[in-house]
Structure formats: C-alpha cells, structure tokens
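Here the structure is laid out as structure tokens; the discussion comes afterwards.
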Amino acid sequence: MSFDRSVFINCPFDKDYRPLLDAMLFTIVYLEHEPLISETVDSGIERMNSIQNLIRQAKYSIHDLSRMEAHAAGDLPRFNMPFELGVDFGCRLYGGGNLESKMFLVLEKENHRYHATLSDLSGKDIESHGNKPKTLVRKVRNWLGKIYNEKLIGPDKIWEGYNEFLSYLSITLEDEGFDADDIEDLSRSDFIRYIKDWISARAAL
Amino acid sequence: MKVTSKSKPSKEMRLERKKRLQNLSESQKNNISERLKKAASNPDPRRIHVIYRDQNWITKGEGAQRANKIFKLTRDAVAAADFALKNGKVNAVIVHKMDGTIEKWKKADVEI
C-alpha cells in the first residue's frame, strides 16, 4: 500500500494490550488503510531498523503511550513507546520530502496523564481510550475522519463488524481444530490477513 | 437450548496449539481465509449477537444494519436474546465481552 494509506502503529504487544491492538487493526483496515507493525523483531538493532523502515513508509502513525508505566512496585516504566514517538517526530522534522506531511495520533489511558511525564507533547493531538477497545475504535475513526475532512462510516458500525468478525474467526479456528481463545496466539500478520478476507467478503454483499 | 461450554485446556495443550497456530502452512492459511470469506459472505440474520456499545448493550442480527434493541444492562440484553432463542425466533445467541471477544455461544437444539 502507498505511503498515503499506511499507518504505523507504536504500541505494546503484550497479552493485556491485545484487545486494544486487535480493535485498532480492524478499524484501520476497515477504513481502507494498511497497518504497519513491528511485533516479531527481537534484537535491539534489527528492531530499530525495522521500526525506522516502517516509520518512513507511513504517512500516519498511532502512538499508544498508555502502558508507559511500571508493571509492579520497584519495576522501571517502559520507555520504548515514547522513544519511538520521538523517532517518528524526528523523521517528520528532519526527514524531508513527503515525510514532512506525516501525521500522528497519540493515545493515552487517561486524559492529561502525559502532562506529568511528557509535557513536550502539550498542544498535540492526544486522545485517551480508557483501556476500552470500543472507545479506541471511535478515536481512531474520528482522527482519520478529521484528517480527510469527510464523514466516514460510523464507529458503531465498525465496532459491530469487528465483533462479528471475531465470532467468524473463532468458528473458523474451531473448525480447524483450535480453540476460540487461540485468536490471541495468531501472529498479527495472519490476523490482519483474516481481517482483510472478512472485510472484502462482507463489502461484496 | 444448549450452551457451548469451554473446558480449560492444560498449559501443555495450549502451548502445543500456539506452536501449531504460529507455524501454519500457506495452504492451511489459505483454507482459513477461504472459510472465513465464505462465512462472511453469508451472514445469518437468525444468529443474534449481544454487543457492548458505549454504556449500553445491543442485540443485533448478523449482517443487520441496525440493532434490534438497546439495553442498559448486559443481563437484560442476554435475557431478551435467550427469549428469542427459546421461542425459535433465532437459532443462535453469541454474547460478546466488552472487548468484543466471545463470552458465550448458545445454540438452539437443532443443528445450525
């Protein structure tokens, strides 16, 4: 997909975040964009190379900082997400060419939490999803709607389609000898592929 | 009506399935894709979904443009869907969690 229709996603890939990521992926594909994620590269250098490439390929980026916190008392918070956000901002500032047109949506768990941790973001497009996938669907859809300045399909329709898609995927996986809960173990590239299959079949009705 | 119950798989079984799932061959992936497309192009309006929607719960037939009804409480939405299932007006009820995943899948006694 072209630079103009690609969306780089900077978010955690842990199990707890999965429902939010899956709903985000579905929304992006539903709205005819290509999600770009880096979930499989482990080593530091390769990972940064891969992220750098994805950032350059996408006009749009969604950075979710909602997990910028320590897991347990005594743990240090995770700074990968704000770091990648900084790289992306840098790409827009110094990359030149069409990279100057890059646009970002920064997501948080609660309104204004970033004031305490990343106040340089003040004045940017920051939205909170409250850890609710349905809210996240609305925020992503509204953000793209605002960019294109057009009325996109409603967030409820996208959300309901996503719920139906999950039930279809569950049935299909069960028929293949898996369990409905195994959806979370699918690679996200396979998950995106199945979202595209479902949406294209549904759109043809 | 019968409720599809899930028995909790052992950790080993889960790991084995995870490994299998993450190493699907291209033909297995194609098979899943084809089944998914076929199912998606034939929505069954007699299959009803209970779905969370901004502080409310809705009941909605598969592929329908609009919700059948909006409820304040999950239990009321589920009760309405169960009632329709019991009376043969629908042949399956799929109750979703707030995150969209499936909580329960209830089928009529007849095969779907």
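Is it fair to say A:Asp182 is crowded, with 20+ Cβ neighbours inside 10 Å, in contact with a Ser or Thr (Cβ under 6 Å, 6 or more places away or on another chain) and of a type outside the set (Ser, Thr, Tyr)? So A:Asp182 does not fit the description; no.
Residue count for region A:141-160, restricted to those that are facing another protein chain (nearest Cβ under 10 Å) and crowded, with 21+ Cβ neighbours inside 10 Å: 3.
Here is a yes/no grid of residues against (1) open to solvent by 50 Å² or more (accessible area, probe 1.4 Å); (2) farther than 20 Å from B:Gly100 by Cβ; (3) within 14 Å of chain B (Cβ to nearest Cβ); (4) in contact with a helix residue (DSSP H, G or I) (Cβ under 7 Å, 6 or more places away or on another chain):
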{"site": "A:Ser6", "(1), (2), (3), (4)": "no, yes, no, yes"}
{"site": "A:Asp14", "(1), (2), (3), (4)": "no, no, no, no"}
{"site": "A:Arg18", "(1), (2), (3), (4)": "no, no, yes, yes"}
{"site": "A:Ala23", "(1), (2), (3), (4)": "no, no, yes, yes"}
{"site": "A:Val29", "(1), (2), (3), (4)": "no, no, yes, yes"}
{"site": "A:Leu54", "(1), (2), (3), (4)": "no, yes, no, no"}
{"site": "A:Asp64", "(1), (2), (3), (4)": "no, no, no, yes"}
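Checking each residue in region B:65-99 for being in contact with a Pro (Cβ under 9 Å, 6 or more places away or on another chain) and not charged (D, E, K, R) picks out B:Val90, B:Met98. A count restricted to region A:172-205 and to residues that are more than 7 Å from chain B (Cβ to nearest Cβ), over 18 Å from A:Gly161 (Cβ atoms) and either in a helix (DSSP H, G or I) or in contact with a helix residue (DSSP H, G or I) (Cβ under 6 Å, 6 or more places away or on another chain) (or both) stands at 6. Counting the residues of region B:63-107 that are outside any strand (DSSP E or B), under 23 Å from A:Asp182 (Cα atoms) and open to solvent by less than 70 Å² (accessible area, probe 1.4 Å) gives 3.
The values are calculated or read from the model by the stated rules, or taken from the named source; none is laboratory data. Fair warning: this is a prediction, and the values are worked out from it, not measured in the lab. In this analysis, Cβ positions are derived from the backbone assuming ideal geometry, glycine residues included, and neighbour counts consider all displayed protein chains. Accessible surface areas use protein heavy atoms only, side chains included; no ligands, DNA or RNA. Shrake-Rupley method; radii C 1.70, N 1.55, O 1.52, S 1.80 Å.
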